[in-house]
Amino acid sequence: MEKEDILQAAISGDINAFQTLFAGFQDQLRSYLYRLLTDRNDVDDLAHDTFIKAFSKISTFKQESSLKTWVFKIATNLAYDHLRKQKRWQADAQDRAADLAISSEEIRQVFWMVHNTSPAGAYEMKEHIDYCFTCISKTLAIENQVALILKNIYDFQVKEISLILNKTEGVIKHLLNDARNIMTDIFEHRCALINKNGVCHQCSHINEIFNPRQDQREELMKLELVKASKKFNREQLFTLRTMLVKAIDPLHAAGTDFHEEIMRCLRTAIGEKGDFFDR
């Protein structure tokens, strides 16, 4: 059956046809939701709610955009309802998480256990850069965060983002410009990998802890960000960073479980989660 025929069957109420189309972008939708929510349990819930709501309203889909864009709009609205109950993260959120981990032997033991026993417990610098990108994007207003992630990580066009956020293309361009400027400023002053005067060197520090036999310099030189840091300006470095992040699925990476524990620690440190050990 051709894709257009499957779409028409879905619009007519065929749940199997809708499931077939939904499956085509489900992984991308889930990783997008994770970058917004930073909690796998919330992702499971909202991805399920998105499927149910989208199918229940499929008869209203007028094909003014792709089905993917239409479904992402539903998911974004659900995520927005969830996120507006929470405060925006501060730029020092990762510092506070590091302080909590350093002060808690129990939390450090969880990190080691996951690193040593989970098939997704590896530590790789490029994945930590992705983790940092997610954390720093949480300092943005929700609409700026959504616009930036959709455009720079998932390659949505401005027109599509305007449909998802229900704003004019001019407003979306303004949101994108502000988001990039804020993110670039934060990275410039925090990421020691590309700014030797930075205050944060988490990537190599954690690598020394969990990969003590690995040659630090060799690992650093694998990253295009480091190779390029001497010749590109900060805007170009931001573009290189997003290219690296685009290549990583935070829910299906080598260190997914390891970074989930670090993220739980961060969310505990900033008061978004009551207790690290509450699942």
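Numerical summary
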{"quantity": "Rounded to whole Å, sorted largest first: equivalent-ellipsoid semi-axes of the range 1-85, Cα gyration tensor", "calculated": "24, 12, 10"}
{"quantity": "Karplus-derived 3J(HN,Hα), 6.51/-1.76/1.60, for each residue of the range 216-221, Hz, glycine and proline x", "calculated": "4, 5, 4, 5, 4, 6"}
{"quantity": "Kirkwood-type radius of the range 89-279, with distances r between different C-alpha atoms, in Å", "calculated": "17.6 Å"}
{"quantity": "Residue-wise HN-Hα coupling along the range 84-98, computed from phi with Karplus coefficients 6.51, -1.76, 1.60 (Hz; x: Gly, Pro)", "calculated": "6, 7, 10, 7, 5, 6, 8, 5, 9, 4, 5, 5, 5, 5, 4"}
{"quantity": "Within a Gaussian network of the chain (alpha carbon springs, distance under 10 Å), most fluctuating of PHE258, PHE210, PHE232", "calculated": "PHE232"}
{"quantity": "Reach of LYS167 by Cα under 29 Å, taken over lysines that are not fewer than 8 positions away in the same chain", "calculated": "LYS53, LYS57, LYS62, LYS68, LYS73, LYS85, LYS87, LYS138, LYS151, LYS159, LYS246"}
{"quantity": "Backbone HN-Hα couplings from phi across the range 152-169 [Karplus 6.51/-1.76/1.60, Hz, Gly and Pro as x]", "calculated": "8, 9, 10, 6, 6, 7, 4, 4, 5, 5, 5, 6, 5, 9, 6, 9, 5, 4"}
{"quantity": "Gaussian network model of the chain, Cα within-10 Å springs - most flexible of ARG264, ARG217, ARG108", "calculated": "ARG217"}
{"quantity": "Only Lys, Arg (+1) and Asp, Glu (-1) charged, at Cβ; the chain dipole about Cα centre in debye", "calculated": "840 debye"}
{"quantity": "Helix-only [θ]222 nm of the chain, DSSP H runs n ≥ 4, -39500 (n - 2.57) each, per residue, nearest 500", "calculated": "-20500 deg cm²/dmol"}
{"quantity": "Computed over the chain: relative contact order in percent, which uses C-alpha pairs under 8 Å that are six or more apart", "calculated": "25 percent"}
{"quantity": "Top of LYS138, LYS159, LYS231 by mean-square fluctuation, Gaussian network on the chain, Cα under 10 Å", "calculated": "LYS231"}
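None of the figures in this text is laboratory data; all of them are computed from the coordinates on show. Since the structure is predicted, the reported quantities are computational estimates derived from the model, not experimental observations. Please note: Cβ atoms are built from the backbone with ideal geometry, for glycine as well, and neighbour counts cover all protein chains shown.
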